[in-house]
1. Would you mind giving the mean number of other chain beta-carbons within 10 Å of the Cβ of each residue in B:99-112, as a whole number?
2. How far apart, in nm, are the 7 Å Cα→Cβ label points at A:Ala212 and B:Val121?
3. Compute the distance in nm between two label points, each set 7 Å from the Cα along the Cα-to-Cβ direction, one at B:Gln71 and one at B:Thr23.
4. Within segment A:141-164, name every residue whose backbone N is under 11 Å away from a label modeled 7 Å from Cα of A:Ala178 along the Cβ vector.
5. Relative to the compact-globule scaling 2.2 N^0.38 Å, provide the ratio for the alpha-carbon radius of gyration of segment A:72-231.
6. Could you rank the peptides A:61-69, B:55-63, A:207-215 by their average count of other C-beta atoms within 10 Å per residue, with the highest value first?
7. Would you grab the residues whose amide H sits under 5 Å from the one on B:Leu60? Only those 5+ places off in sequence or on another chain, please, with H modelled 1.01 Å from N.
8. Sort B:Cys53, A:Cys107 so that the residue with the fewest other Cβ atoms within 10 Å of its own Cβ comes first and the one with the most comes last.
Amino acid sequence: MFDKPLTLIHRIAAPTAQRLGHALLRWSGAAPTLAPADGADPWQARLDEAARTWVAHVESAQQQLQQAVEQVLQSFVQILGELDAVVGETPGATDGADPRVAVLASCDARLRRLLQDFEGIVRSRDETLATVETLSNVANGLRDMAEDVSRLARQTNLLSINAAIEAARAGASGRGFAVVAGEVRRLSTESGETGRRIGGQVAQFSDTVSQAVGQARRAADADTRTVRASEATVSEVVAMVDGTVGQLQQRAAEQRESGLRVKLQVEQLIEALQFQDRVHQILDQLRQSMRSASASFAEALAQGRAPDAERWQALLSAGYTTHEQRAVAAGTGPARAAQPASTETEFF
Amino acid sequence: MAKTILIVDDSSSLRTLVRMALTRAGYEVLEAGDGLEALQALDRAARVHLVVCDVNMPRLDGIGFVTQLKQHPRHRFVPVVMLTTEDQGSTRERGRQAGAKAWMVKPFNPPQLLDTVSKLVLA
């Protein structure tokens, strides 16, 4: 992850160290011939100038790097925020669902309720038809009863005729009975008429009910065909909606997965940008080291002797914080010094 | 109510990274660029539940900040997680003696940072 940044440091640091080394070698060779006081000033001035220039270049590189990383980081943070909204991983986000899916799901549910309503209508109409058919049966019963009344009237009429004959045979003593027999005959005749009228009315009622039942059955059949056709249409629409909802949900899931993959990559990129902090610290140490080395070198120059090797080494490595710096100083190279993000915490 | 975490680091990009990790996990964040700024931020803050602090910073470094924090009248019990490029045992020991509760080496892994914070953040 940090190969490139370390290569960058190496590019900046290596020539700098090389120049410093050349200056040291030149100084080492020239020092015995220098006049201790007067001759040291130009050397010291050149060295100071070189050190200031190198430090300024390092500072400039640090600033440019920091600004660039800041801009990249801000952009990534913004992208990550938008990805969070898309994949629904932040509070208040739309959970990544396509609103069309919710609308279609609502339509689906309402159409299914409509189908249930249709079935309810068919059941209700069948119940009404059954009631009307019951009325038809009642009408048939009434017609039978009217027939019974007519039959009883005819029998009563025959009985009254027989009674009148018997009264005539009885002569004067049967005269009163003949009057009664005549009344009975008249009543039976009227009963017969009433029975026929009832029969006629009941037959008319029965015909009307039969017609109504027939019409109701035909209407029911037509309704059933209409309802079945509607059910079929609604079922087709529901199936289409189901299919569309399924496709949209699948697409939304694929988009979410894709978003999560991109988000993971962005998070890894953001994590990798921590190299800037390490580079900044390494360059900070380098600047401090250059200043210290320059000062130490100037002091040694003024005294007309090379800096002490051990103190010089300590001065160069003062302020190391990263193991890359120690690895570079030890000569194991920057590439082997790269390390992944820490996943361990030491608790005290 | 969201818990407040103070991030102390002289690198603004690092502060951004830590802030992003913490705010996405629901924490509120305060920021300071060095130890002195951090002490001033603590003086102003009503309540801070944890501090995430770098070691190498200008003016007042992380170890110095923790030392002073442990004498602060209101915030001396606030736990501190050191987040630094320093991986030397001797520096860790100085941090432990100053009063830090945990040590993480940069580059950090955001889930690991969140796990560490959740273990130490004040109730």
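1. Average neighbour count from other chains, rounded to a whole number: 6.
2. Computed distance between label sites A:Ala212 and B:Val121 equals 7.7 nm.
3. Taking the two extended label points, one gets 3.5 nm.
4. A:164
5. 2.61
6. Per-residue mean Cβ counts within 10 Å order the peptides as B:55-63, A:61-69, A:207-215.
7. B:Gly35, B:Leu36
8. Result, fewest neighbours first: A:Cys107, B:Cys53.
FYI, it's all coordinate maths here, none of it is from the lab. The shown structure was predicted, so the numbers you read here are calculated from the model rather than taken from an experiment. Glycine gets a Cβ as well: all are built from the backbone with ideal geometry, and neighbour counts include every protein chain shown.
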